[in-house]
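Reviewing the structure listed below.
The values are calculated or read from the model by the stated rules, or taken from the named source; none is laboratory data. None of the values given here were measured: they were computed from a predicted structure. All Cβ positions, glycine included, derive from the backbone under ideal geometry; neighbour counts span all protein chains shown. Note: accessible area is taken over every heavy atom of the protein model, side chains too, but ligands, DNA and RNA are not part of it. Shrake-Rupley method; radii C 1.70, N 1.55, O 1.52, S 1.80 Å.
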Amino acid sequence: MTDYRVFALDFDGTLTEGSRPDQHVLEAIAQVRDKGATVILVTGRILGELLRAFPDAEASFDAIVSENGAVVTVGERSRRLVPPVPPILEDALIRRGFPVRGGQVILACDAHHDATVLEEIARLHLECAVVRNRAALMVLPIGVSKGNGLVEALEDLELSLHDTVAVGDAENDHSLLAVCEVGVAVANAVESLKVDADLVVDERAGDGVVAVLAGTATAELKRFPPSRWSIALGEASDGPVRLPAARYNLLIAGGSMAGKSYSAGLFTELVVRLGYSVLVVDVEGDHVELASLREVLALGGDQPLPDPHRVAEILHHRSTSLVIDLSLLSSSEQDSYVRELLPEVARERQARGLPHWLVLDEAHRFLSDEDGLTELAQEAPRGVCAVTYRPQDLPVGFTQELDALLILPEYDDEARDAISTLLEARGIDPTGPATQPRLGEALVVPPIGEPQLFRLAPRTTRHVRHWHKYVEANLPPMLNFRFIDGASAQERVAQNLVEFHRNLRSAQAAAVLDHARRRDFSRWAADALGDSVLAELLASNEDLTSRGEDPERIRAGLITAVEDRYFRP
């Protein structure tokens with residue numbers, strides 16, 4: 001079986017060139033269903049006519065989309081998605097002596113009657129669509145298509161279009177192939193469908209379907225995934241830099257403040273926009289602004305966290321993406337929650353394929369061979385985006401399952417060595433200038449293709465570095481604040497906000513005044529912390545130096561600014 005868990009199959013000309021599928025085709029369908037796949041029949045036929053020709057159709061499929069997408073049947077429930085074509089049209093055609101068959105919604109007749117059908121629609125001033133299916137003609141309400149009908153069926157089944165392969169042969173299958181992750185045309189398909197399909201199989205009709213179900217026909221898609229499902233991360237010197245939107249594992253690695261959270265947020269935005277479901281485990285509160293996207297919900301933060309099992313339930317909803325904000329928990333509480341959450345995610349992905357992506361911040365803390373959590377990366381479909389500044393701490397079992405790398409500037413020797421090892425394993429020289437990103441740049445190593453240096457694209461959501469990140473957690477050394485007393489040459493280093501606050505209180509007044517005159521405090525808040533609010537508060541006190549204010553009053557104002565921003569409720 002393929003990596004895909006849903007198959008949407010046309011009937012006439014695809015599953016069969018006769019009245020019903022051959023036995024070997026039905027056996028192939030039964031086999032993939034036994035392995036957990038879902039198979040949906042999507043046909044232009046009227047349901048009653050289909051069942052007369054193929055009485056065991058309902059038992060052979062998990063759902064049937066009939067009447068070219070107008071009627072959806074799941075289990076014992078059958079429903080019309082739209083009101084039927086006005087009966088006045090059927091009456092008019094019958095009066096003119098043309099054979100026409102009415103379904104629950106559509107009218108069906110032979111394609112050579114198309115001129116008469118269009119004439120009557122115009123005479124009656126009706127808003128109807130006329131769709132060909134080789135020698136057949138269907139009259140439908142506007143907006144009805146196989147693609148739309150399949151969307152409804154998948155919603156009923158709590159499954160995703162991005163886990164679906166569609167197979168068709170005729171003019172009315174264009175919309176079916178277009179909405180699915182992979183659209184396949186059988187060898188006997190009309191030429192226009194072959195042009196639009198992601199893949200054309202060598203076999204005709206039912207034999208082509210068997211090849212798709214077995215995975216032999218779609219194996220090449222691992223090397224060349226459909227280009228319509230790709231994301232543009234930014235620009236290189238020779239044009240856009242693109243990655244596939246799904247079905248691989250990605251590592252985002254780099255030093256602190258190098259742009260990991262920005263890159264992970266950008267990646268998430270782009271795949272969410274294409275309709276993929278994403279679960280972001282947000283350790284530091286960097287990604288809550290993604291909830292400004294209508295497809296994304298942020299949970300946690302200053303609100304109670306959902307039970308891990310509840311997270312899986314929320315992900316059932318089509319196209320729902322979640323950010324789980326753990327930033328106000330202690331490290332031990334974060335560890336405990338994530339280690340309960342990841343097995344739930346693994347089970348949900350095995351059952352329904354959702355979420356398509358797990359974006360795991362500080363991945364080195366949570367992935368370990370001992371806990372068996374690397375199965376998240378080893379299962380199919382793939383879809384783990386691991387974000388870390390310590391790639392050297394990732395287990396070998398996980399790194400062996402990585403398909404793509406996004407490398408940002410790194411400062412730690414151990415991290416640099418680990419990244420070099422990953423590049424060398426892919427036959428890439430880690431010491432050459434073509435693999436050395438500078439600040440503002442990234443190096444991408446795609447699943448297929450050559451590595452590229454590029455500049456990241458702008459984001460549509462705000463990138464916010466949350467205040468509580470560096471209250472106690474240490475900044476990288478190059479971003480520490482150094483209080484320097486010019487008279488004594490004494491240096492006091494602040495690695496975080498607690499130390500910065502302490503040094504503001506204890507440093508010599510002259511040293512505080514010198515830094516304030518140079519506007520060092522506000523610059524540090526903006527550049528090292530990414531906190532424009534604190535920077536503005538500090539700058540307003542630094543302005544007092546030009547007015548000859550008492551240094552102790554300036555010190556007090558700076559201390560108050562820090563306390564108001566970080567240490568007071």
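Under 18 Å from a label point 7 Å along Cα→Cβ of ALA214: give me every residue in the range 24-53 with its amide N that close. What the label zone holds, given the 18 Å backbone N cut-off, is 24-35. Accessible area per residue for the range 151-251 is 36 Å², calculated with a 1.4 Å probe on protein heavy atoms, without ligands, DNA or RNA.
When the charge dipole of the chain is built from unit charges on Cβ atoms (+1 for Lys and Arg, -1 for Asp and Glu) and taken about the Cα centre, the candidate among ILE324, GLY143, ASN188 whose Cα reaches farthest toward its positive end is GLY143.
Antiparallel beta bridges, as assigned by DSSP with both residues in the chain, represent about 50 percent of the total such bridges.
For a protection proxy built on the mean count of beta-carbon atoms within 10 angstrom, sort 534-545, 154-165 highest first, please. Working shown, then result.
On the way: 534-545: 18.9, 154-165: 21.3.
Order by mean packing, descending: 154-165, 534-545.
Whole Å is fine, so just give me how far the alpha carbon centre of the range 508-569 lies from that of the range 113-140. A separation of 75 Å, based on Cα centres.
Given the peptides 401-409, 336-344, arrange them by the average over their residues of other C-beta atoms within 10 Å, most packed first.
Numbers: 401-409: 22.0, 336-344: 17.8.
In descending order of packing, they fall as 401-409, 336-344.
Listed values for the range 549-563 are Karplus-derived 3J(HN,Hα) couplings in whole Hz (6.51 cos²θ - 1.76 cosθ + 1.60, θ = phi - 60°), namely 5, 4, x, 5, 5, 5, 4, 4, x, 5, 4, 4, 4, 5, 5, and x replaces Gly and Pro. Computed per residue of the chain from DSSP H runs no shorter than four, each worth -39500 (n - 2.57), the mean residue ellipticity at 222 nm is -9500 deg cm²/dmol.
With a 1.4 Å probe and every protein chain left in place, work out the accessible area per residue of the range 43-146 in Å², rounded to a whole number. Mind dumping the intermediate values first?
Numbers: 4880 Å² over 104 residues.
So the range 43-146 comes to 47 Å² accessible per residue, rounded to a whole number.
Where the centre of each part is set by its Cα atoms, how far does the range 311-353 sit from the range 226-289, in angstrom? Distance between centres, Cα-based: 19 Å.
Determine the distance separating the Cα centre of the range 51-110 from the Cα centre of the range 433-447; give it in Å without decimals. Measuring centre to centre over Cα atoms gives 55 Å. Taking a straight line from the alpha carbon of LYS146, these aspartates and glutamates sit under 16 Å away, with near neighbours fewer than eight places off in the same chain left out: ASP10, ASP12, GLU67, GLU155, ASP156, ASP169, GLU171, ASP173, GLU181, ASP196.
Over the range 40-105, how many percent of alpha carbon pairs lie in each 10 Å bin up to the one with the longest distance? Distribution as computed: 21, 47, 23, 8, 0 percent.
When the trypsin sites (Lys or Arg not before Pro) in the range 59-145 are filtered for DSSP coil states and for at most 16 other beta-carbon atoms within 10 Å of their beta-carbon, the remaining sites are ARG96, ARG134. Within the set of other residues whose C-beta is less than 11 Å from the C-beta of ARG45, count the net charge using Lys and Arg as +1 and Asp and Glu as -1. Spelling it out: positives minus negatives among the neighbours equals -2.
Label zone (LEU479, point 7 Å along Cα-to-C-beta; backbone nitrogen cut-off 11 Å) within the range 491-506: 496.
How much of the accessible area of the range 1-125, in percent, comes from carbon and sulfur atoms when a 1.4 Å probe is used? Looking at the range 1-125 in its full context, I get 49 percent from C and S.
Between ASP110 and SER330, the FRET efficiency from the beta-carbon distance, with R0 = 45 Å, is close to 0.05.
Note on P(r) over Cα pairs in 20 Å bins from 0, in percent: of the candidates (1) 22, 57, 21, 0; (2) 15, 31, 29, 15, 8, 2, 0; (3) 19, 41, 26, 11, 3, 0, the value calculated from this structure sits at (3).
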